[in-house]
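A short reminder: the numbers here are calculations on the coordinates, not readings from a lab. Remember, predicted model here, so these are calculated numbers, not experimental data. With ideal geometry, Cβ positions are generated from the backbone for all residues, glycine too; neighbour counts draw on all protein chains shown.
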């Protein structure tokens, strides 16, 4: 890609929609399909499409954007970057959770292949990220799962599904292992994100001509 090209990303996502009744929450998954355009100068455009509502568009222009092609692709350098704003150890936030959250944050734009491989190597080097074996994501793509259990409130499990050959992140899942105050049977999916299509385009309304799902 060149400096003036635009990052394009398409996702399909499911998130738990919570309604509180009589002091307790009832929840159901809500599906949406999103398209993201991002530029190195901070321009962002997002289209949100849900089955039961009109397409919503959001755009802004900020500064200090985390531009994926500018990130380090060596494992030590990338790991240090992902942890640079981590909470102090005294706050008890697991390092692996910080790394996963940082990688998820940076997957709102196209990820170059060398960076995808570096993300994979940084995360899978964590001893408490458990390999769960071969899986198929909701788009029917084969991958390998790695899971991390954590407790901030009700216990949850984060699973990341990778293409093991390229290291590309195909999907993420957050699973509730304890219900807390929600009226759900556990285990229950709290969110699921498919990274379906990415590429580099000339403008903020353009889409890749032929960009296969990763």
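The length gained by stretching the chain between residue 183 and residue 67 to full extension, at 0.36 nm per residue less their Cα-Cα distance, is 37.8 nm. Remark: 191, 102, 151 ranked as 151, 191, 102, counting other beta-carbon atoms within 10 Å and listing the fewest first. The label-point distance for residue 121 and residue 207, in a model that sets each label 7 Å from Cα toward Cβ, rounds to 3.5 nm. Volume per residue for segment 6-201 equals 147 cubic angstrom (convex hull of Cα atoms).
For segment 107-159, the pair-distance distribution built from all alpha carbon pairs, in bins 10 Å wide starting at 0, is 20, 43, 34, 3 percent.
Here is how the number arises for the chain: DSSP H runs of 4 or more residues each give -39500 (n - 2.57), the sum is divided by the residue count, and the result at 222 nm is -4500 deg cm²/dmol.
Label positions at residue 31 and residue 136, each projected 7 Å from the Cα along the C-beta direction, are separated by 1.7 nm.
Placing dummy labels 7 Å off each Cα toward the beta-carbon, the span from residue 75 to residue 149 is 2.6 nm. Across 13, 185, 32, mean-square fluctuation computed from a Gaussian network of the chain (C-alpha pairs under 10 Å connected) peaks at 185. When the Gaussian network model of the chain links Cα atoms closer than 10 Å, the mean-square fluctuations of 118, 56, 28 top out at 56.
By the beta-carbon count within 10 Å of each Cβ, the least crowded to most crowded order of 144, 18, 111, fewest first, is 18, 144, 111.
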